[in-house]
Amino acid sequence: MRLLQKECGKCLRHPFLWIVCITFGLFQFLSIYTYVGNAGMRKELRQMHVAVTDEETASPEYESAYADYKKTYGGMYDTLDMRKILEQKEKKSGYEPQGAWGMWIVRNYDRLQKRVEQIRKTGEGTYAFYPGSWYKLHSTLYGKLWKKLILQTAVLMILSMLYLMDYERIYKTQDLVLATTTGKKMMEKKMLAGTLCGLFYAGLLTVFTLLVFFAAVPFQNLWHVPVAACMVAEPRLQMMYPFVTFWRLEQWRYSLLALVVLVGLLGIIAAVTAAVQLFLQNSYFSFAVLGLLFMGAYLLAYVQMGNVWDLIREFFNPTVLYATSGGWFMENDLCLSFAGNEFAVLFCSGTAAVCLMAVGKRRYHRLEV
Amino acid sequence: MKILIKECKKIMDIRVLLVIAVFTVLFYQLFLEVTIYPAGGQTTDSPYDMPFYAELIESWGTSLPREDWSKLDEKRKELEEAYTRIIAADPVLADAKITNYQEFSKTRETFFDKDTLTDEEKKIDQELSRLVFEDSKGSKLFFELQVLDRLDEYKNLQNEDSISLMPGGIFYIVEKDMRMMGILLLICFAILALPYLVRERLCHVLPLYATTATGRKIFDRQFQALVVCCGFVGIVQFGIYVLVYGIKGLAVFWKGDCIDDTGLQLWCKNLPFGFYMLLYMLLVFVFVLAAVVLIYLIGRTAGNYIAGIAFAIPACAGIGFLLIHIFVYLFQKPMDENSLPYSEELWILGWILACACVLWWKMHRDHYRDL
């Protein structure tokens, strides 16, 4: 425990990670300001918030605009046919899987159609919210900002881990440390300390981002609105249809689940970082290799073979979650439109990362002094 | 000279060069427009627009004088006849009695203006859309005809004696790619410089250098070696870009002038496009090479590799931000009449002066610092 504390202290006391965290925080602040934070946009959002939540005190102009929007898009579930959505998506993307794989995707969309019928019955789609295609709040927060957050927290996690894991080698005390069993076991404590510090910095950045966003976008009385509501819907792939979530997810539940996925991704990144560093024993090249690995994995996420290997490839590629950010827990990617796909990706990628880390640890323990 | 060569050898570590090579390939795939060309996104509607412009330029030159404007009508006739042959062979359109391109266009317009279509009309509309967006031959001809429509419109607005056949997309590609190349170079220079500089500190040789006058001159040689190596890497990177540019068939646009069919207003409209692109590359290169001073400062200050990376991230982010905002359409006429012309050059000059001041301060400190 004492060693863990000292390692964490080493990481938290050094100014460089704080500088990076503050830089990323400023970047997020500027991004939020650009998307929703400028004075004009904030004023408009406040007025629209009143129109959405309290019709009596709303400005007539905003009330009438909101009413018109609701009239146009409020009944999207009445004519929504998920099979047609599937056909259009396949045509637009040029991805038309055949055989058993194609049938499996069709079955997923049939299940989504049952979900649409459930939404129609329960009235989940009728809740009031900011007009989605005007303000695009869901894709701004969970798409654009969340993608930046994933990248930034990943960098913080990688830097925390590599700094601690390579500390002894850089300052030439590795031979002394590896001479004893306790010393060799210290690497595990370092990995844990690096992960905890990375999570700490990531937590700070995430809290800051969410605080700034929700300071700019009033959300009182809107936390219970389901993400599947018609008013939340935004245009995607030149089609306008609601976010068909796999189960009823209110805004607050969606935020929590998004945070869970973020923490899961950071865990995978920590494991992969540890594995690479244990293999390469050089923090600089580990950082470079990790960067190349994630760029390569991101490109691989867009390679399509039209068969079940697409699913296997996506399960073992955590960058797929980065690419689909903003579309988690809902109908989105053709191959991943089934409930729990995010957790399946986290589980499979996480298992692979942990196996790599275990192999790396064995190699490290066999290092000759 | 011997010291300079030895330092260059230390900087050009094969592992670092390999990382730079792989990074360059992935960066090209992710961020550069020239890689996705001729796919859309370059102010074009389809992958066929710009190759068609290239074909016209190869046949007629980069601008079409007034007396040759009839060539556009001849080309139109040729494309319409080819499209008519495709339409005539289509059974759905034959049933709907659409037999040529004129009827095809008219029907499309009619359906577009209607609020609702009957089932029969929907079937025909689907077939029309298929010929436009899905059938490769039909799609190619359709978008080539659209290019001719655009040139006809441009022709009617022009008071000059000729029209430019240069597409707006070519300027878009250069503008986007030069900024991304600047970011690529910045990251490559940082990857190259940081391990070398941090390694020198970790080997504890810096105090040793500083104990003698000859030793203190090594700091100058180290910086010069860094500039030479970064310069070499930068030249190779731009060479690769030009090679990819040529392989993609874009070299045909180099002989055109800096005028396009979208009304982009550049100060240098009489410059050949190839020279404009060369100037763009040179200015981006000089800007990023000046930034090597800051990378040198970070490398000399950082206590270890991770600290070096951590300090380099915000520094490179700041330089990248400046780069992206300065190099927006080089030599573009400012929207506001009171704005300074050639403002990019002033920014670059200011940047170089600032970096030179930082360099002078660092070199002066190295030469005279009391240990």
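The values are calculated or read from the model by the stated rules, or taken from the named source; none is laboratory data. All values derive from a computational prediction rather than experimental measurement. Using ideal geometry, Cβ is built from the backbone for each residue, glycine included, and neighbour counts are taken over all protein chains shown. These area figures cover heavy atoms from the full protein model, side chains too; ligands, DNA and RNA do not enter into them. Shrake-Rupley method; radii C 1.70, N 1.55, O 1.52, S 1.80 Å.
Regarding segment A:31-53, can at least one residue be identified that is within 30 Å of B:ALA302 (Cβ to Cβ), in contact (Cβ under 8 Å) with a residue 24 or more places away in the chain and surrounded by 14 or more Cβ atoms within 10 Å (Cβ to Cβ)? Checked segment A:31-53: at least one residue is within 30 Å of B:ALA302 (Cβ to Cβ), in contact (Cβ under 8 Å) with a residue 24 or more places away in the chain and surrounded by 14 or more Cβ atoms within 10 Å (Cβ to Cβ).
Whenever a residue of segment A:94-107 is at positive phi, it has no partner that is at pLDDT 85 or above and of a type in the set (A, V, I, L, M, F, W, C) lying with C-beta atoms less than 7 angstrom away and at least six residues away or across chains.
Please enumerate the residues belonging to segment A:8-42 that are away from chain B (no Cβ under 13 Å), out of contact with any Cys (no Cβ under 7 Å at 6 or more places or on another chain) and within 25 Å of B:PRO314 (Cα to Cα).
A:GLY9, A:PHE29, A:ILE32, A:TYR33, A:TYR35, A:VAL36, A:GLY37, A:ASN38
Name the residue, out of A:GLU96, A:GLU188, that is among the acidic types (Asp, Glu) and in a helix (DSSP H, G or I).
When all the criteria are applied, what remains is A:GLU188.
Scanning segment A:242-288 for residues that are touching a Cys at 6+ places or on another chain (Cβ under 9 Å) and not hydrophobic (A, V, I, L, M, F, W, C) returns a single hit, A:PRO242.
If you go through segment B:193-250 one residue at a time, how many are touching a residue at least 60 places away in the same chain (Cβ under 8 Å), surrounded by fewer than 20 Cβ atoms within 10 Å (Cβ to Cβ) and not in a helix (DSSP H, G or I)? Here the count works out to 3.
Can you tell me how many residues within segment A:22-68 are under 26 Å from A:LEU210 (Cβ atoms) and either not aromatic (Phe, Trp, Tyr) or not in a helix (DSSP H, G or I) (or both)? Qualifying residue count, segment A:22-68: 28.
Screening segment A:214-244 for residues that are among the small types (Gly, Ala, Ser) and crowded, with 16+ Cβ neighbours inside 10 Å and picking the one that is farthest from A:ASN332 (Cα to Cα) gives A:ALA216. For A:VAL303, indicate whether it is open to solvent by 20 Å² or more (accessible area, probe 1.4 Å) and farther than 23 Å from A:GLU342 by Cα. The answer is no for A:VAL303.
Tell me, which helices (runs of 4 or more DSSP H) lie completely within segment A:278-369 with 2 or more residues that are more than 18 Å from the chain's Cα centre (by Cα) and free of Cβ contacts under 8 Å to residues at least 60 places away in the same chain?
A:283-300, A:309-315, A:341-365
So, B:LEU353, is that one modelled with pLDDT of 90 or more, touching a Cys at 6+ places or on another chain (Cβ under 7 Å) and either crowded, with 16+ Cβ neighbours inside 10 Å or part of a helix (DSSP H, G or I) (or both) or not? No, not satisfied.
Condition test on A:LEU196, is it open to solvent by 10 Å² or more (accessible area, probe 1.4 Å), touching a residue at least 40 places away in the same chain (Cβ under 8 Å) and in a helix (DSSP H, G or I)? It is true that A:LEU196 is open to solvent by 10 Å² or more (accessible area, probe 1.4 Å), touching a residue at least 40 places away in the same chain (Cβ under 8 Å) and in a helix (DSSP H, G or I).
Kindly check whether there is at least one residue in segment A:285-294 that is modelled with pLDDT under 95 and within 23 Å of A:TYR109 (Cα to Cα). No. Yes or no: B:VAL16 open to solvent by less than 60 Å² (accessible area, probe 1.4 Å), within 14 Å of chain A (Cβ to nearest Cβ) and either basic (Lys, Arg) or within 30 Å of B:TYR296 (Cβ to Cβ) (or both)? Answer is yes for this residue.
Residues of segment A:139-173 that are open to solvent by less than 40 Å² (accessible area, probe 1.4 Å) and more than 12 Å from chain B (Cβ to nearest Cβ): A:SER139, A:THR140, A:LEU141, A:TYR142, A:GLY143, A:LEU145, A:TRP146, A:LEU149, A:ILE150, A:THR153, A:ALA154, A:MET157. Looking across segment B:203-248, the residues that are among the aliphatic types (A, V, I, L, M) and farther than 28 Å from B:ILE183 by Cα come down to B:VAL205, B:LEU206, B:LEU208, B:ALA210, B:ALA213, B:ILE218.
Within segment A:113-170, work out how many residues are among the charged types (D, E, K, R) and at positive phi.
1
Name the single residue, out of those in segment B:122-135 being over 18 Å from A:GLU90 (Cβ atoms) and free of Cβ contacts under 8 Å to residues at least 40 places away in the same chain, that is surrounded by the most Cβ atoms within 10 Å (Cβ to Cβ). Selected residue: B:LEU128.
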